[in-house]
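Readers should treat all values here as calculations from the given coordinates under stated rules, not as data from a laboratory. This one's a predicted model, so the numbers in the text were calculated from it and none came from an experiment. Every residue, glycine as well, gets a Cβ built from its backbone with ideal geometry; the counts of neighbours run over all protein chains shown.
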Amino acid sequence: MSDTSKLRELQHGDVKIANEVVAIIANIAAAKIDGVVKLKGGIASDIADVFGVKQNHKGVKVNTEANTIELDLSVVVSYGSVIPQVAQQIQEKVKESIESMTELEVQKIDVHVVGVSAADERQVAD
């Protein structure tokens, strides 16, 4: 597992994409799905929020091997959403977004629904 994925070897050097960049793409794509209230990070993310540290990759873990990617997304969905449908839409949109922007292959996207919200607190990454 590395912190970057090697995209291409060019004549004058390599192109590498940081895992954080992949996580940000996934966060933005998932946040646009109807039924997704927000992506939820762990305790470190909660502490960063307290101190006002902006994390556009919150709720996304990225594992890269060679030119393939595996992701874990932790999401809060809105009450009344059909969870399996929302999860499938997240997988499709995130895969499409990452592959079209990075030309890397997404092997697997696990969606973990970690909460349900009745309030309209939808948050889209800036």
Cβ neighbours within 10 Å, averaged per peptide: list 105-111, 21-27 in order, most packed at the top.
21-27, 105-111
Peptides ranked, highest mean first, by Cβ atoms within 10 Å: ranges 63-71, 29-37:
29-37, 63-71
